[in-house]
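The values are calculated or read from the model by the stated rules, or taken from the named source; none is laboratory data. Since this is a predicted model, take the numbers as computed values, not measurements. A quick note on method: Cβ atoms are made from the backbone with ideal geometry, for glycine too, and the neighbour counts reach across all protein chains shown.
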Amino acid sequence: MPFRVLAVLPFIGILLGVPFVNRVEPLVLGMPFVLAWIVMWVVLTSVIMAIIYRLDPTNHTSDSQDGEVQP
């Protein structure tokens, strides 16, 4: 499933990418580069999770009415 691969991207970007971008210059929107990198991945994580939600076939069941969640 492609959404499982997408779920690994924030982990790689935040935890494994920070040592490679650990510098102050250049400033991005007034923030040091490493801080801008982390903020970018926090935002991207939300976008990636929305994509995973759309791709997950368990979210496509239409047996409930009016958007009610069945237990």
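Give me the residue from the range 3-17 that is exposed (fewer than 14 other Cβ atoms within 10 Å of the Cβ) and farther than 27 Å from THR58 by Cβ and, out of that set, nearest to the chain's Cα centre (by Cα).
Going through the qualifying residues, I end up with LEU15.
In the range 18-38, what residues are loosely packed, with under 13 Cβ neighbours inside 10 Å and either touching a strand residue (DSSP E or B) at 6+ places or on another chain (Cβ under 7 Å) or among the small types (Gly, Ala, Ser) (or both)?
GLY30 - this is the single residue of the range 18-38 that is loosely packed, with under 13 Cβ neighbours inside 10 Å and either touching a strand residue (DSSP E or B) at 6+ places or on another chain (Cβ under 7 Å) or among the small types (Gly, Ala, Ser) (or both).
Write out, first by first residue and then by second, each pair whose Cβ atoms fall under 9 Å of each other, whose residues are 6+ apart or on separate chains, and whose first residue, in the range 3-32, is under 19 Å from ILE48 (Cβ atoms) while the second is assigned to a loop (DSSP other than H, G, I, E, B) and acidic (Asp, Glu).
Sorted first by the residue in the range 3-32, then by its partner, the pairs are PHE3/ASP56.
May I ask you to list the residues in the range 37-71 that are at pLDDT 90 or above and either touching a His at 6+ places or on another chain (Cβ under 9 Å) or among the aromatic types (Phe, Trp, Tyr) (or both)?
Residue satisfying the conditions is TRP41 alone.
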